[in-house]
Amino acid sequence: MMHYQVTGWNQDIEHHVDHFNEFVITALDKQHPSRDKGPKKPYIDDEIWALRALKLRYRKALRETQHRKKVELMFKTWSAWTQKMENQQHADSVRSYSATLACCTVRCMAQLHSVAQQLKVRLSKAKAQLLCRRLEQMPRDASAGQILQAIHKLQGPTNPKKIKRKPFPLLKKSDGTHCASSSERCDRWAEFFCNMEGGRRMTHQDLREGWIDNLQHFRQQQFDLSLESLPTLCDLERAYSHVRIGRAVGMDSIPPEACKYNVGQFARATFAQLLKMTLHGQEAIPHKGGRLTAAYKGKGDVDDCASYRSLLVSSQIGKCLHRTLRMTQSSFYETILQNQQLGGRPGIPVYLGIHHLRAFLRLQKKLNRSCCIIFLDLKEAFYRVLRPLAMQNRWDDHDIADVAKRLGLPPSIMEDLHQHLRDPCALQQATLPPILRNCITAIHTDTWFVVDGQDNDVCRTTAGSRPGDCFADTIFGYLWARVLRSLEQKCIDLGLLEAFPQQEFADPFAVHEQADPAVPQRPFLGPCWMDDLAIPIAGSSAEEAVRKVGILAGLLLDHCVNFAMSPNLAAGKTELLLALRGRKSRQLRQQFYGVDLCMLSQCTRNLNVILESLVACNANCAAKLKEEKEHISFDAMDTLLPSDAFLMTHGVPAAKKNFTRSRKCNCISATLASADVISGHAVICSLCDLALDPLNQDKGIDVMMEHCRNNKRKERAESPSIREISELSARTSCLTWSMR
């Protein structure tokens, strides 16, 4: 790489990238030629490798013998049916040959079994010996993470969820029938993922021609900017240093190990590509897409495409360039985020959202007020981002109508959608410089993918934020912040949200008798981590809380649909959790819960939800929301589990066990508000309680974020004793629910 000569600035980006890729691949073939097939594990020696070869040879011989037995059986069956056996001598020779094949089968099976047992014992001993040597070489103060990493390199992950499974070969079509050939299976995968990302199949030449036209559009003739706003060579080196080895290789055939171990050389060689992309939006086609692989979600029918998510295997060079630009615009991204939008902020842990909710519920219980929580989960959130709403993409009515049809949006929202499209996009509202807006828009234009077996054409996508890319969560965060800000303003106008003091403080544990009315109040919409949102609502009475949650549920669903986002109304996704107290709370519990769990299907479970677009255009969706979602479901706790964004850090198995027990015992009045949760993150819980307590005038909710940003706190001077560790582990391993 030290001898690489960067092409001139006037060279087009296509030949620029091809010249670099060709040089890297040639250098890799010269310095690291492909070796013959050999053992990949370090504990396999020559004897073990020879036993493996012998085992494979015996297995092949056994298969050939079994194949001959099948042919001989077919010959005897045909001879008996046609009665063409010539004489007794011929019949005796046939029986003798069959006996010989049977003996050969027994011999091959015995040899295969013997060699397999020897190989198994040798592998076990060799692995154990190498593991002992590796552990002895580690320092005495090695952490548990380092030890587990050394173990995983030898015997792989122990988590069954991380076991890679190939997609089921038998696949259903859209009409319910199964694919009869590999070409039909390839077309089905391409059709499914095209509909998900608003894609269209086209030839490679058509994609290249459209890409060249867009390059002319994004090229800037003049611009005004400061050098401080451009990414630096150090930023690009940081991006290359974050590459993880062992990842899949993109279609440019450059492995991630080459990027990881040659940070300085690769950064200097590709810095010109970064500047061309930043200043003029010039990005090569190989960096805009890749090969799409289907990954099973772990639930659903294995022959249904909806049970799989897509993983994009793209170029490592393109990922590093995108990561550098993301770090450059991170300051603008933080300013546009809604106040309680936690995802994407640096230094913010994922479990902070659950502490916000716990503090809110404990406060409402202390004040004897009714409260509700709406858990929202979006369907295919990153795939359904309408790019003109977030970026400066060119669009017309035909393109928007086509994308809306592919995404399954109702026609009644087109007027509101056009109004949102006429407003400034999310990047403009975030006050990004024009150069960055042009660059981010260029990155998300002419994106494409191919599936396995798709060699003659590509799928060009027009929607989505490229899941798997570094900009995926950022682009969604820009648009989602726009939705949350609009929703927050509507809720403030209607008086639906609670407000808490907004002021920084030095001592988070100081207690004040009265609240200062001069301290500004900040509305509390609720914690949000990426596409998972929890909105808490409180009311002085049970009827007021139910009325508020009905209005807010309608506003929330309308805002999502108007911005081309689809709420996931499946069980365990979008749920409502009620904690009713005071007058008429018992009647409302009976209305939503029912007298007995077995009579839930006979209960009304109705909630007045004000919907504008859903009622008019999609009555089934509103009916489903009314019949299935607007009742207390203990499955709503799934939103707090690691499968979604809000991570319950301790006591998850105990929590699910207690929920199951409470359902069997018909203790359906147990809610989060009547739960006393003992968590290992006691400090964060205390900070949340103090921040949401109205008696603490100078306790702002920003304190949790400030403390989490300063996560690199000083370590304790004294190590905890064994007794303290045992008490903490005992407290964090159980979850006690106090029933009222």
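The values are calculated or read from the model by the stated rules, or taken from the named source; none is laboratory data. Quantities reported herein were computed from a predicted structural model and do not represent experimental measurements. Glycine also receives a Cβ, built like all others from the backbone with ideal geometry; neighbour counts cover every protein chain displayed. Accessible surface areas use protein heavy atoms only, side chains included; no ligands, DNA or RNA. Shrake-Rupley method; radii C 1.70, N 1.55, O 1.52, S 1.80 Å.
Looking at this structure, is Trp78 farther than 30 Å from Ala442 by Cα and in contact with a Pro (Cβ under 7 Å, 6 or more places away or on another chain)? No; evaluated as a whole, the condition is false for this residue. Gly290 passes every criterion in (1) of a type in the set (Gly, Ala, Ser); (2) within 22 Å of Asp469 (Cβ to Cβ); (3) more than 24 Å from the chain's Cα centre (by Cα) apart from (3).
Please specify each residue of segment 447-459 satisfying the condition of being touching a Gly at 6+ places or on another chain (Cβ under 6 Å) and either open to solvent by 20 Å² or more (accessible area, probe 1.4 Å) or more than 20 Å from Val385 (Cβ to Cβ) (or both). Selection gives Trp448 alone. Of all the numbered requirements in (1) outside any helix (DSSP H, G or I); (2) in contact with a Leu (Cβ under 7 Å, 6 or more places away or on another chain); (3) open to solvent by less than 70 Å² (accessible area, probe 1.4 Å), Pro42 misses one, and that requirement is (3).
Going by what's in this entry, would Met138 be described as touching a Phe, Trp or Tyr at 6+ places or on another chain (Cβ under 6 Å) and either open to solvent by less than 90 Å² (accessible area, probe 1.4 Å) or free of Cβ contacts under 8 Å to residues at least 60 places away in the same chain (or both)? The answer is no for Met138. Kindly evaluate Val302 against the criterion of being farther than 25 Å from His444 by Cβ, in a loop (DSSP other than H, G, I, E, B) and under 19 Å from the mean Cα position of the chain (by Cα). Against the criterion (farther than 25 Å from His444 by Cβ, in a loop (DSSP other than H, G, I, E, B) and under 19 Å from the mean Cα position of the chain (by Cα)), Val302 does not qualify. Kindly establish whether Leu376 is at pLDDT 85 or above and not in a helix (DSSP H, G or I). Taking the combined requirement at face value, the residue satisfies it. One residue alone among Lys120, Lys70, Lys55, Lys76 is within 47 Å of the chain's Cα centre (by Cα) and open to solvent by 70 Å² or more (accessible area, probe 1.4 Å), and that residue is Lys120.
Could you list, in sequence order, the residues of segment 575-593 that are among the aromatic types (Phe, Trp, Tyr) and either part of a loop (DSSP other than H, G, I, E, B) or open to solvent by 40 Å² or more (accessible area, probe 1.4 Å) (or both)? Passing the criteria: only Tyr593.
In segment 181-224, the residue that is least open to solvent (accessible area, probe 1.4 Å) out of those that are in contact (Cβ under 8 Å) with a residue 60 or more places away in the chain, within 21 Å of Lys288 (Cβ to Cβ) and of a type in the set (S, T, N, Q) is Asn214.
Kindly indicate whether Lys127 is of a type in the set (Lys, Arg), over 28 Å from the mean Cα position of the chain (by Cα), open to solvent by less than 90 Å² (accessible area, probe 1.4 Å) and within 30 Å of Ala50 (Cα to Cα).
Details: of a type in the set (Lys, Arg): yes; over 28 Å from the mean Cα position of the chain (by Cα): yes; open to solvent by less than 90 Å² (accessible area, probe 1.4 Å): yes; within 30 Å of Ala50 (Cα to Cα): yes.
The answer is yes for Lys127.
Checking each residue in segment 13-39 for being outside any helix (DSSP H, G or I) and open to solvent by 70 Å² or more (accessible area, probe 1.4 Å) picks out His32, Pro33, Ser34, Arg35, Asp36, Lys37. Looking only at segment 398-417, residues that are of a type outside the set (A, V, I, L, M, F, W, C), more than 26 Å from the chain's Cα centre (by Cα) and farther than 25 Å from Ile443 by Cβ come to 5 in all.
The set of residues in segment 469-496 that are of a type in the set (A, V, I, L, M, F, W, C), closer than 21 Å to Met565 by Cβ and either without any contact (Cβ under 8 Å) to a residue 24 or more places away in the chain or not in a helix (DSSP H, G or I) (or both) comprises Phe471, Leu496.
Going through segment 24-57 one residue at a time, which ones are in contact (Cβ under 8 Å) with a residue 40 or more places away in the chain and among the aromatic types (Phe, Trp, Tyr)? Talk me through it step by step, then tell me what you get.
Taking segment 24-57 first, the residues in contact (Cβ under 8 Å) with a residue 40 or more places away in the chain are 24-25, 28, 41-45, 47-48, 51-52, 54-55.
The one that is in contact (Cβ under 8 Å) with a residue 40 or more places away in the chain and among the aromatic types (Phe, Trp, Tyr): Tyr43.
Inspect all residues belonging to segment 334-355 and state whether any of them is on the phi < 0 side of the Ramachandran plot, surrounded by fewer than 17 Cβ atoms within 10 Å (Cβ to Cβ) and assigned to a helix (DSSP H, G or I). There is at least one residue in segment 334-355 that is on the phi < 0 side of the Ramachandran plot, surrounded by fewer than 17 Cβ atoms within 10 Å (Cβ to Cβ) and assigned to a helix (DSSP H, G or I). Across segment 537-595, the qualifying residues are those that are more than 31 Å from the chain's Cα centre (by Cα) and β-branched (Val, Ile, Thr), and the one among them that is farthest from Leu421 (Cα to Cα) is Val595. Of everything in segment 79-105 that's part of a helix (DSSP H, G or I), open to solvent by 100 Å² or more (accessible area, probe 1.4 Å) and not polar (S, T, N, Q), which residue is farthest from Arg52 (Cα to Cα)? Taking the candidates together, the pick is Trp81. Considered as a group, the residues in segment 230-255 that are surrounded by 13 or more Cβ atoms within 10 Å (Cβ to Cβ) and small (Gly, Ala, Ser) include one that is nearest to Phe20 (Cα to Cα), and that residue is Gly250. Would you confirm, using the coordinates I've provided, whether Ala150 is in a helix (DSSP H, G or I), open to solvent by 40 Å² or more (accessible area, probe 1.4 Å) and hydrophobic (A, V, I, L, M, F, W, C)? Here the answer is no, as Ala150 does not meet what is asked.
If we scan segment 87-101, do we find a residue that is in contact (Cβ under 8 Å) with a residue 24 or more places away in the chain, over 30 Å from Lys125 (Cα atoms) and of a type outside the set (Ser, Thr, Tyr)? So that I can check it myself, show each step before the final result.
Going residue by residue through segment 87-101, those that are in contact (Cβ under 8 Å) with a residue 24 or more places away in the chain are 97-98, 101.
The next check asks that each one be over 30 Å from Lys125 (Cα atoms); those that pass are 97-98, 101.
Subsequent filtering for residues that are of a type outside the set (Ser, Thr, Tyr) retains 101.
Checked against the condition, which is being in contact (Cβ under 8 Å) with a residue 24 or more places away in the chain, over 30 Å from Lys125 (Cα atoms) and of a type outside the set (Ser, Thr, Tyr), segment 87-101 yields at least one hit.
Residues that are in contact with a Ser or Thr (Cβ under 7 Å, 6 or more places away or on another chain) and crowded, with 21+ Cβ neighbours inside 10 Å within segment 539-559 comprise Gly539, Ala542, Ala545, listed in sequence order. The residues of segment 544-574 that are outside any loop (DSSP other than H, G, I, E, B) and touching a Gly at 6+ places or on another chain (Cβ under 9 Å), listed by number, are Ala545, Val546, Arg547, Lys548, Val549.
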